[in-house]
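Worksheet: the structure to be examined is printed underneath.
The values are calculated or read from the model by the stated rules, or taken from the named source; none is laboratory data. On a predicted model such as this, the values are computed, not experimentally measured, just so you know. Using ideal geometry, Cβ is built from the backbone for each residue, glycine included, and neighbour counts are taken over all protein chains shown.
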């Protein structure tokens, strides 16, 4: 009888559950806005890579056009446009009060004409216009994208790594480790961010690496609090206790079981950090604590555009703002789509 039972037994196939990241990618692909936003972000990253290796925007410092060359779609500037500052100021206003260098512009333009040759003429128009020195605004915007996005993303990754690690340790272990991390958190949050930025800048000096380090060391506190609260909530749940029962190590429970279930919180916070750090880079560059003078970023472009905007030359401001707005919006929408894809509440609703 037993032989008959054994011969008639049919092996039952083992069903493997779908992985967290595989399921998240499947849900993410169903969000059209998120997919389009990710394509835009990847296009920016490709542009940054091409600029980094010198395939595009390598001549952003060269004076390829006439000073303040208008965008191509506007056509060449009429001869009377050289007196734009007088038109803005009016006949009874001293133009040197608006721009101290204004009286020198005509003199510099005349000197520049003496050195122009038939082999190196200056363009009357440029795709997105030129700055006061005749440099291509489009090339500057592309190169500025490389610096600003590099600073914003790398600083956000640094702050996210610090905040996630400390929050996981404080929330999971608690006790003396949690008390020490809470004390460290209170020390950083009790000092205004601007004072911390100035203090770190005075110690580390000026440069791109310094900006990344400063923003990363200042911006981890908010994420730490959120991650700590999530780990405190998840460490006593059934799936964590089940992992402990089968012999999973504490590191495995923290980073293989709990971390994927709180990743949506981390992604949202990181997207906010990227946006905030790009804005912080603009402020630091304006204050002279940002990128070096031989580099360009969205912050330096906006700082330069202030004087040009008074004269009616708006294209550098528009180019920097457009590049910044497109990247920041696409990155935020992509992060929101990934948050929804990784949210455990939405996973359970399927």
Q. Tell me, which helices (runs of 4 or more DSSP H) wholly within the stretch 201-264 include 3 or more residues that are surrounded by 20 or more Cβ atoms within 10 Å (Cβ to Cβ)?
A. 208-218, 221-234
**Q.** Among (1) closer than 26 Å to residue 334 by Cα; (2) within 26 Å of the chain's Cα centre (by Cα); (3) modelled with pLDDT under 90, the one test that residue 204 misses
**A.** (1)
(Q) Would you confirm whether or not the stretch 179-196 contains a residue that is buried (at least 17 other Cβ atoms within 10 Å of the Cβ), in contact with a helix residue (DSSP H, G or I) (Cβ under 8 Å, 6 or more places away or on another chain), modelled with pLDDT under 90 and in a helix (DSSP H, G or I)? (A) no
**Q.** the stretch 111-127 - residue that is under 11 Å from residue 65 (Cβ atoms) and in a loop (DSSP other than H, G, I, E, B) and, of those, modelled with the lowest pLDDT
**A.** 121
Q: Could you list, in sequence order, all residues of the stretch 271-296 that are modelled with pLDDT of 80 or more, over 14 Å from residue 214 (Cβ atoms) and surrounded by fewer than 20 Cβ atoms within 10 Å (Cβ to Cβ)?
A: 272, 275, 295
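From the list 209, 178, 222, 170, which one is more than 30 Å from residue 323 (Cα to Cα) and free of Cβ contacts under 8 Å to residues at least 60 places away in the same chain?
None of the other options fit; the residue is 178.
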